[in-house]
1. Based on the alpha carbons, how large is the Rg to Rh ratio for region 9-80 when Rh follows Kirkwood?
2. Given points 7 Å out from each Cα along the Cα-Cβ axis, report the residue 93 to residue 59 separation in nanometres with one decimal.
3. Which length gain, in nm to one decimal place, applies between residue 20 and residue 113 when the Cα-Cα distance is subtracted from 0.36 nm times their residue separation?
Amino acid sequence: MSTPQDTSAPNAARLTVKSADDMRELGRRLAALLRPGDLVLLSGELGAGKTTLTRGLGAGLGVRGAVTSPTFVIARVHPPLGDGPALVHVDAYRLSGGLDEMEDLDLDVSLPESVIVVEWGDGKVEELSEDRLRVVIERAVGADAPAEGDEDADDVRSVTVTGVGARWAGVDLAPLGW
């Protein structure tokens, strides 16, 4: 993974992730910045690495159970193995409505004591909190793209992490890279 680069927002970082292992490591590093009450929105096309990143978050937070895609159950709760927060992993892909449809999941009840990660949450759960971390995962293009013929080309991703709200205003996102 490359070192974060400045983006237009002062509390944002852009990284190049070269493998699924690196994506999980990014999740572990991101987990070190998270605390109970944090909302994380993951965006990216199918197969971009959202669940892989969440597996790393689960490992970093020290939660119980294998982190798998909650596509068909919509949400999974992974309790902590120790004193840390639970991880609530939501897949909003199949949900067409906004927060009204999400209310049945009681995310607002879980938020204060958990870290909530929502895949496909853009435009659906922002009202849960003024403070959130937005992670956009895209296939690498341009200077970040691997050389033609590189066998690992399909694994390279460009990841932009942006903090929104007062909670993230002073958070240094530089530790996400290495």
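No lab work stands behind these numbers, since they all come straight from the coordinates. What you see is a predicted model; the values in this text were computed from it and never measured. So basically every Cβ, Gly included, is an ideal-geometry build from the backbone, and we count neighbours across all protein chains shown.
1. Working: Rg = 12.4 Å, Rh = 13.1 Å.
When Rh is taken as the Kirkwood radius, the ratio is 0.95.
2. 2.2 nm
3. Numbers: separation 93, 0.36 × 93 = 33.48 nm, distance 2.89 nm.
Contour length minus Cα-Cα distance gives 30.6 nm.
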